[in-house]
Each structure stands twice: as structure tokens, then as C-alpha cells.
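J.: Below is a structure I'd like to ask you about.
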Number of protein chains: 2
Amino acid sequence: MKIVALAGGVGGARLAHGLYQALPPGKLTIIINTGDDFVFNGLNISPDIDTVCYTLAGIENIVNGWGIREDTHQVLDRIRDLGGEAWFSLGDRDIATHLIRTQAIDQGGQLNEITRQLCLRMGIEAQILPMTNEPVHTKVQIKGGRWLDFQEYFVHLDCQPEVISFRFEGQEIANPAPGVMAALEQADLVVICPSNPWVSIDPILGIKQIRPVLADKWVVAVSPLIGGKAVKGPLMKMYNELGIEPSCLAIADHYRDFLDGLVIDTIDEKETASLKAFGIITKITDILMKDAGDRKRLAEEVLEFGKILKQLK
Amino acid sequence: MKIVALAGGVGGARLAHGLYQALPPGKLTIIINTGDDFVFNGLNISPDIDTVCYTLAGIENIVNGWGIREDTHQVLDRIRDLGGEAWFSLGDRDIATHLIRTQAIDQGGQLNEITRQLCLRMGIEAQILPMTNEPVHTKVQIKGGRWLDFQEYFVHLDCQPEVISFRFEGQEIANPAPGVMAALEQADLVVICPSNPWVSIDPILGIKQIRPVLADKWVVAVSPLIGGKAVKGPLMKMYNELGIEPSCLAIADHYRDFLDGLVIDTIDEKETASLKAFGIITKITDILMKDAGDRKRLAEEVLEFGKILKQLK
């Protein structure tokens with residue numbers, strides 16, 4: 001069974017790691033949001049790619065979910081002392097990744113190939129693909145109308161401003177990275193990881209050809225909400241600010257064009273009926289991933305759910 | 001008394017630090033070799049500027065002479081693990097300097113201004129100027145005829161190949177950095193620091209206008225050789241390979257166009273007569289700088305020697 005997962009940040013990386021553990025080598029492709037990518041201190045940073053890679057390599061910082069475990073911060077501390085920008089946390093070992101990526105991009109390298117090389121060096125046997133090699137920039141419109149760069153909103157302003165809408169600059173002209181469409185076309189099941197639908201999954205879905213192909217695929221999502229709350233990040237806050245009740249139904253509605261099944265937490269069992277009325281089959285289980293064992297167990301349940309769905313429909 | 005020092009690497013930085021201690025704020029300009037500058041892992045590195053800055057800021061690695069004291073090497077160790085180039089040692093705190101410089105250059109900044117800003121942040125009250133803001137690349141021709149980039153020869157090949165000549169790519173069209181000619185014109189004394197004449201001082205001297213103006217100035221040099229040996233670096237080896245006896249006379253001959261006086265070590269006292277015959281007045285003292293006190297004492301003797309010379313001639 002060939003699986004494609006769509007993933008953004010920390011929650012997505014955790015399920016991706018579960019799938020990686022649950023599947024034989026060579027069966028998993030992870031397509032990753034690059035709308036958060038930005039340049040900081042001259043370094044090309046791809047936060048979601050790195051979070052997935054570090055997690056699959058087993059070196060992620062367990063407390064943060066992003067960055068490398070037990071990393072030091074000598075470079076950024078010194079940049080701060082020298083009056084440089086230091087609002088985005090970068091560990092020293094993490095900076096090595098960014099230096100290699102930046103140099104390769106400056107020499108005309110493509111992000112998918114650079115990512116492949118880094119994965120090889122980290123011993124990662126899944127195919128990790130950026131959604132596109134071309135620039136796409138997630139922008140967040142805040143109350144009053146101003147548009148912020150994603151990292152400005154997400155990190156620098158700590159998600160404090162009230163959100164009114166999102167756009168993905170460059171998305172309409174960006175092509176899927178090499179390998180993305182082939183992986184989707186060959187996929188027996190597409191898994192939408194428990195990432196933020198607005199700012200982690202929507203940037204991927206809007207890349208031309210991706211959303212249309214999903215309509216022809218078996219697609220299951222794992223809810224990023226548990227009891228109406230996000231495990232991490234501003235998703236609940238965003239739903240409230242957008243005037244939408246944060247619920248599993250809101251997640252299903254977000255993916256209504258192509259979603260077949262939704263995995264929700266036992267705490268949200270009461271939503272099963274409304275989801276059924278909405279045409280979505282649910283799988284109820286414990287979806288909070290506290291450790292690597294949880295990730296694998298949840299991934300196995302997601303894969304099993306996908307198999308059953310294919311028989312049902 | 002306004003002083004201009006010409007300096008390259010570690011020995012030059014040490015005397016520059018002595019002059020910095022010996023002179024009141026605002027009286028010292030140091031013009032620094034940039035022929036060794038290169039790009040490594042995408043970072044714009046200016047080794048001689050950094051060595052002088054770190055030394056004047058009192059944060060230099062005392063064992064190496066270059067780099068920052070007690071620096072860690074997390075970034076480069078990780079770059080090595082990821083298959084990147086790691087033959088040039090870069091500490092983590094040192095990398096902060098290179099990131100700030102690289103970003104500023106990419107944004108159109110000029111090296112003299114970038115250096116000025118970094119010095120401000122490091123609390124350095126001397127004027128530290130690159131010889132030029134334009135690209136000059138020191139090349140070393142080795143036996144067999146091949147030309148090597150300086151850092152390839154100096155660090156990667158550890159000065160092992162036999163040297164037959166040098167050139168400084170771009171030197172003939174490069175302009176002195178803003179401030180260089182003004183400082184030289186206003187200088188009451190020019191001090192050639194005990195740096196390698198072939199690869200640290202010659203790149204500076206060949207920048208148009210610099211050598212001609214020196215002929216009109218009081219110029220003293222401190223010998224980089226003690227008993228025919230360099231304290232650090234490949235100078236003695238170079239002299240031998242070029243078929244020249246490494247001596248204070250060879251140093252004086254190198255600077256014959258403009259040199260007035262040479263400070264030599266007590267161990268080389270026997271050279272005084274031949275130097276006198278060559279038209280050079282010598283000052284004999286202990287020129288090995290083992291600590292900050294030695295640097296200041298030697299600098300004071302150099303300044304005093306300069307004052308005496310001006311009365312003599």
C-alpha cells in the first residue's frame with residue numbers, strides 16, 4: 001500500500017513519524033507545506049520540512065516539537081549581542097541545515113533535491129517532498145486589514161493579532177515539486193495529518209493539480225482538534241476569530257471536496273452523528289500522540305481505517 | 001600622533017592590539033588585508049579583519065590566535081555530519097559574525113561599513129578598514145605551475161605545497177576602501193605589522209595609490225622573523241622555497257621602496273650592520289609578543305622609534 005501524507009508543523013510531523021514506523025521502507029511520501037518558508041539572517045529556512053525531517057530522524061526537540069534535541073544557541077545569542085535579528089529561535093545544529101540549504105539554493109539547487117540529499121544524510125527512508133520548489137508565501141490578514149508575513153504573525157507576534165483571512169502569495173502560479181503528482185497519482189490512500197487546515201494544509205491544497213487529484217483518491221484526515229482545542233498552535237483561536245465553532249465538523253467541512261473519512265478523538269464521539277449526516281465516516285480513537293508508540297499505533301489505526309473505507313464505499 | 005598600521009593575520013593583530021592599548025582613542029587606523037577573504041558554506045569570511053577585531057575586542061582565541069575564545073563548534077560538526085565542507089574551522093560565535101556580514105553584503109552593504117558596525121558592537125574604538133571593498137583574491141602558485149586559492153593552500157593543504165609565486169587577482173582594478181587614503185595621508189607614522197610580507201602585506205601595498213603614498217610617509221616595520229624563523233605561519237618556508245634567505249635584511253628589501261626603520265629582535269642584532277648598509281635604521285628589542293603586556297610595550301617602543309626617526313632624517 002502506497003501512502004501519501006500531507007503535513008505541516010509539529011502535529012503533522014508526529015503522525016508522519018507514526019506512518020514512517022508503520023509502513024515498510026519506500027511506501028511513504030510526505031508532501032510538506034512550504035508557505036512558512038522564509039529568509040532569516042540570510043538563511044533559507046523551511047520550518048515544516050525540517051520539523052518533519054528531524055522527527056523522522058528521531059532527533060527532534062521533544063519539548064518544542066521543532067528544532068533539534070539538546071541543541072545549543074551560541075550563534076543566535078551572539079547575533080543578538082551584535083545587534084542582529086534574533087526573534088526566531090535557531091539552534092546551532094539546526095543552523096547547519098539552513099547553511100547547507102541556503103548555499104545549495106544560491107548555487108541554483110532545487111528544494112526537493114536539497115531535501116532529498118539532507119534526508120539521505122539523516123538516514124530517512126521516506127520520500128519527503130516540498131509541495132513546490134517555487135516561492136509561496138503564507139500571509140495572514142489581521143483585524144484592521146493589514147497583511148503580515150506568516151512568521152511575523154506566528155513567531156514574532158506570537159499569534160496575538162486577531163486573524164480575518166489568509167492568502168498564499170505565489171500559490172496560483174507555483175507548480176508541484178517534481179515527484180508530488182506522481183506520488184499522489186500512485187497513492188492507495190492520502191492522509192491529511194493533524195496540521196492546521198488554514199495555514200499548514202491549505203497552502204498545499206491550492207497548488208495547481210493537487211486539489212483536483214484528491215477528489216479521485218481515498219482521503220482520510222486526522223482531526224487537529226480534540227474537544228474543540230488544538231494540541232498545539234493557534235487553530236482554536238483562529239476558528240474563534242473567524243466566527244466558526246472549532247469542531248471536527250468544521251475540519252470535515254474544510255476538506256469537504258475530497259474527504260472520505262475522519263479520525264477523531266474519543267472525547268468528540270458525540271460529533272459522529274453530525275459527521276455522518278455530512279457524509280463523512282468517522283473512526284473514533286485516542287488521537288493525542290504523547291510518544292513514538294502513540295504515533296505508530298495511531299498511524300496503524302489510520303491505515304486500517306483507510307482499508308476499511310475502501311471496502312465500504 | 002595619528003598612526004596607520006597595515007596588518008594581516010595573527011602577528012599583525014597582536015601588534016595592532018599593542019598600538020590600540022598604547023594610543024588614545026581615535027588615533028589608530030588599521031588597514032587590513034582582504035586577499036584571504038573567501039566564501040565557505042555560503043558565508044563571506046574575512047579572516048584577517050575578524051582576527052584583528054576579535055583581538056582588539058579582547059575575545060580572541062589565545063591558543064590559535066584566530067577565532068573566538070572558548071567558542072563551540074556545533075554548526076561545523078553538524079555540517080560535517082551532513083556531508084558539507086568542514087575543512088575550515090569556524091566556531092559557532094564566529095559564525096554569527098559571518099552571517100551578519102554575508103546578509104549585509106547580499107543586501108548591497110559595503111565591507112568597510114559592515115566592519116565599522118561590527119566594531120561598534122564589539123566596543124572597538126580604533127578605525128578598522130578593509131584595504132578595499134572590492135574583490136581581491138590572493139593566489140599561490142605551487143611547484144608544477146598550478147595556482148591555488150589562498151585558503152586552499154593555507155588551510156586545506158596546510159601550506160604543504162612548495163610555493164613559486166603569488167598574485168592578487170583583482171588588485172590592479174580595486175580601489176582603496178573609503179577612509180584608507182585619508183587615513184594614510186593624515187598619518188604621522190605608518191607601521192607595517194609583523195605579518196607575512198608576501199601574502200598579508202603585499203595584497204595591501206598593491207592597491208592603487210597605497211604604495212605611492214607610503215614613499216612620502218614615515219614608515220617603520222616590525223620584523224615578522226626572529227632568528228630567521230616566523231613565530232607562526234609559513235613565512236620561513238616560503239622564503240626557503242623562493243630561494244631567499246629568511247632574514248631581517250630580506251624583510252627590509254621587501255619594503256625597500258618606502259621603509260625608514262625596522263624593529264628587529266635582539267637575537268638578530270648581528271644584522272644591524274647589513275641593514276645600515278642597506279639604508280635602514282634599526283631598533284633592537286624583544287619583539288616576541290607573548291601577552292597583552294608585551295604587545296603594548298612593543299607598540300610603545302615602535303611609536304618612540306618612529307618619533308626618533310623623524311628627528312634623525
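The values are calculated or read from the model by the stated rules, or taken from the named source; none is laboratory data. Source: prediction; values computed, not measured. Neighbour counts are summed over all protein chains in view; Cβ atoms, including those assigned to glycine, are modelled from backbone coordinates with ideal geometry.
J.: Hey, can you tell me all the residues within the stretch A:16-36 that are out of contact with any Phe, Trp or Tyr (no Cβ under 9 Å at 6 or more places or on another chain), over 17 Å from A:Lys307 (Cβ atoms) and either at pLDDT 95 or above or in a strand (DSSP E or B) (or both)?
T.: Residues satisfying the conditions are A:Ala16, A:His17, A:Tyr20, A:Gln21, A:Thr29, A:Ile31, A:Ile32, A:Asn33, A:Thr34.
J.: Moving to a separate point now. Does A:Glu60 satisfy the criteria of being buried (at least 19 other Cβ atoms within 10 Å of the Cβ), more than 8 Å from chain B (Cβ to nearest Cβ) and under 22 Å from A:Gly123 (Cα atoms)?
T.: Yes, satisfied.
J.: Right, another one. Looking only at the stretch A:276-302, which residues are surrounded by fewer than 21 Cβ atoms within 10 Å (Cβ to Cβ) and part of a helix (DSSP H, G or I)?
T.: Passing the criteria: A:Lys276, A:Ala277, A:Ala292, A:Gly293, A:Asp294, A:Lys296, A:Arg297, A:Glu300, A:Glu301.
J.: A further question follows. State yes or no: is A:Ile207 touching a Pro at 6+ places or on another chain (Cβ under 7 Å), buried (at least 23 other Cβ atoms within 10 Å of the Cβ) and of a type in the set (A, V, I, L, M, F, W, C)?
T.: Yes, satisfied.
J.: Residues being within 14 Å of chain A (Cβ to nearest Cβ) and small (Gly, Ala, Ser): count how many of those fall in the stretch B:1-57.
T.: The qualifying residues number 2.
J.: When you go through (1) in the same structural domain as A:Tyr239 (by TED's automatic domain parsing); (2) of a type in the set (Gly, Ala, Ser); (3) free of Cβ contacts under 8 Å to residues at least 40 places away in the same chain one by one for A:Gly144, which number turns out not to apply?
T.: Result: A:Gly144 passes all but (1).
J.: Of the conditions (1) under 15 Å from B:Asp94 (Cβ atoms); (2) part of a loop (DSSP other than H, G, I, E, B); (3) at pLDDT 95 or above, B:Val52 satisfies every one except a single condition; which number is it?
T.: (2)
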